[in-house]
Amino acid sequence: MSALTVIRPGMLTTVQDLGRWGHQGLGVPVAGPMDWYSHRLANQIVGNEPGAAALEMTLIGPELEAEGSVICAVAGADVDVSVDARAVPLNAPFDVPSGARVRVGGRHHGARATLAVRGGIAVPALFGSRATHLVSRMGPFGGRPLAANDRLPVGDAVAGDARTGGKPLPLPYGGSRLRIMAGPQRERFTEDAWSTFTHSRYTVTPQSNRMGYRLEGARLTHVESADILSEATSIGTIQVPASGLPILLMADRQTTGGYTSIATVVTADLPIAGQLAPGDWVEFVACSREQAIAALREREAALTAKPH
Amino acid sequence: MSADVRIRPLGDAAWTIELPDRIDPAVNSRALELASRIETAGLSGVRDIVVAYRTVTVFIDPLGEGAALVEAALQRIAAETPADRGVAGAHVEVPVCYDQACGPDLDDVAAFAGCAVEDVIARHLALTYRVYLVGFVPGFAYMASVDPTIAAPRRAAPRLKVPAGSVAIAAGQTGIYPAETPGGWHIIGRTPVRPFDPERAEPFLFHPGDEVRFTRIDHAAFSRASQWEAR
């Protein structure tokens, strides 16, 4: 069986699939990719099922050595990728001969890139998933980020031929607008708070990670308390604790939370949110459920669009 | 649908059914019955169901076949669900060592309550608690309600590391940390039993609706039974 061995892990590289679904009711977090679109695109390019396990690489990518020749693809953030110091293109399959080294570095735009390998990363599944959840230490390698000398076995589960196709995600350049649906606790905020929230610009602070982004900007006023009886959260939920500063919950969110939530980012725009880095701006634009679904259909269509 | 039930979107990929806003065994029991009926209905595209104190959240694939019909189906199920579940949860006994070494906040809680440490322990042991939800991290059970005289609020400064197995109280609730995590609750003891063990045939010790009693063990018994140090 082929494998990829970690020479240098990069800043924060984790194994992810489309998430650990079905056990949130017992506190098991979903995890999964911060940018589901690029995860699926990278898998599609190498001929994998959409949910095959791949690597999510944050800001500074890793260096990996192939054991047996493998076919890889990188999608998501605009980064420099090379095989034995020879540059290879993004969003296209490339060969890594046995003994060669893939290096991901030199980030231009976006925050996270996905490296998929044909056959998928064949680490053991836990509750039906190979996703890494850092806080609860669930998933492969004890739920931790990859470290030097980790060996990633490459599987043989493929869905079709490796091929180029699908449009790359339009990356945020310094920031982005994100579409939101109001709620679930919209009425626990004043009218002014809603107006402020949808008409001002927030900044992603350095206190941001796979669990969530703490945002800096105009404070939002609650009608009464900032606390609720704990209930389920979703990826994209925007909680507002007593400080009035919003927190955008991301892939590693806790299953439940006790803060009021003013809005939730729509599924179509979660990949864009996943490409934001500390210092980037963000603005929130309200939309209806119908608009959210239409936006998601558009995103799906881009994934299967013919090569440009 | 009954007037006290509301269904609201949690983004485009989930719906939350809300019952009356209070910590109440009857409300929570109704939420569990609702969740069980939703599961039995086998609605297409449902990915996960999460019961909390007074809510049931249903995660869906927003583009999945039948996604457009889920809201109406949830409304129908909510309307048909009786107020009483009529199904009892499991009874779980949890041994706890209340030594000062295991319960570093016993003194603080005693000061809050204006009683002796032994009284805090006796009051924690005296009641049966209901598991209202399991969340935060795998296997963390939110249990209520603790004796109001020892219901201290959360600590002003959360600890960065709470040892796994710590039994804690805050704001009328009690719970056990299944793993070493940050935490803001008052630690009053420690159990040798793992609330979550992925290697165990049944990985989760607690499920929503369970009834929990704590029993007292000494430090020697804790050490003998401890499932923590070995790993």
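The values are calculated or read from the model by the stated rules, or taken from the named source; none is laboratory data. Since we're looking at a predicted model, the values are computed, not measured. Ideal geometry is used to build each Cβ from the backbone, glycine not excepted, and the neighbour counts take in all protein chains shown.
The table below lists the values:
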| item | result |
| --- | --- |
| Total residues in region A:271-286, condition surrounded by 19 or more Cβ atoms within 10 Å (Cβ to Cβ) and within 14 Å of chain B (Cβ to nearest Cβ) | 3 |
| Residue in region A:225-238 that is of a type in the set (D, E, K, R) and buried (at least 24 other Cβ atoms within 10 Å of the Cβ) present | yes |
| Pairs with Cβ under 7 Å, 6+ apart, first in region B:52-73 and at the interface with chain A (Cβ under 8 Å from one of its Cβ atoms) and in contact (Cβ under 8 Å) with a residue 40 or more places away in the chain, second among the β-branched types (V, I, T) and assigned to a loop (DSSP other than H, G, I, E, B) | B:Y53/B:I23 |
| Filtered residues of region B:34-47 (kept if surrounded by fewer than 21 Cβ atoms within 10 Å (Cβ to Cβ) and either out of contact with any Phe, Trp or Tyr (no Cβ under 7 Å at 6 or more places or on another chain) or under 16 Å from A:G27 (Cβ atoms) (or both)) | B:S36, B:R37, B:E39, B:T40, B:A41, B:G42, B:L43, B:S44, B:G45 |
| Top-ranked residue of region B:1-30 - restricted to ones that are out of contact with any Phe, Trp or Tyr (no Cβ under 8 Å at 6 or more places or on another chain) and free of Cβ contacts under 8 Å to residues at least 12 places away in the same chain, ranked as nearest to the other protein chains (Cβ to nearest Cβ) | B:G11 |
| Residue in region B:135-142 that is out of contact with any Asp or Glu (no Cβ under 6 Å at 6 or more places or on another chain), surrounded by fewer than 21 Cβ atoms within 10 Å (Cβ to Cβ) and more than 16 Å from B:T191 (Cβ to Cβ) present | no |
| Residues of region A:208-248 satisfying the condition of being in a loop (DSSP other than H, G, I, E, B), within 16 Å of the chain's Cα centre (by Cα) and more than 10 Å from chain B (Cβ to nearest Cβ) | A:N209, A:R210, A:M211 |
| Selection within region A:168-207 - part of a helix (DSSP H, G or I) and not aliphatic (A, V, I, L, M) | A:R186, A:E187, A:R188, A:E191, A:D192, A:W194, A:S195, A:T196, A:F197, A:T198, A:H199 |
| Strands (runs of 3 or more DSSP E) completely within region A:3-113 that count 2 or more residues being surrounded by 24 or more Cβ atoms within 10 Å (Cβ to Cβ) and of a type in the set (S, T, N, Q) | A:12-16 |
| Residue in region B:54-100 that is surrounded by the most Cβ atoms within 10 Å (Cβ to Cβ), counting only those that are over 30 Å from B:I187 (Cβ atoms) and charged (D, E, K, R) | B:R85 |
| Boolean, A:G119 is in contact (Cβ under 8 Å) with a residue 40 or more places away in the chain, out of contact with any helix residue (DSSP H, G or I) (no Cβ under 6 Å at 6 or more places or on another chain) and not in a strand (DSSP E or B) | yes |
| Odd one out for A:A242 among (1) closer than 23 Å to A:S195 by Cβ; (2) modelled with pLDDT of 95 or more; (3) not polar (S, T, N, Q) | (2) |
| So B:I188, is it touching a residue at least 24 places away in the same chain (Cβ under 8 Å), part of a strand (DSSP E or B), over 13 Å from the mean Cα position of the chain (by Cα) and surrounded by 24 or more Cβ atoms within 10 Å (Cβ to Cβ) | yes |
| Elements of type strands (runs of 3 or more DSSP E) in region B:145-184, at least 2 residues being over 17 Å from B:F112 (Cα atoms) and either of a type in the set (A, V, I, L, M, F, W, C) or more than 14 Å from every other protein chain (Cβ to nearest Cβ) (or both) | B:159-162, B:166-170 |
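Every residue, every condition in (1) polar (S, T, N, Q); (2) touching a residue at least 60 places away in the same chain (Cβ under 8 Å); (3) within 20 Å of A:D150 (Cβ to Cβ), yes or no:
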position: A:D35; (1), (2), (3): no, yes, no
position: A:S38; (1), (2), (3): yes, yes, no
position: A:Q44; (1), (2), (3): yes, yes, no
position: A:L55; (1), (2), (3): no, yes, yes
position: A:V74; (1), (2), (3): no, no, yes
position: A:V83; (1), (2), (3): no, no, yes
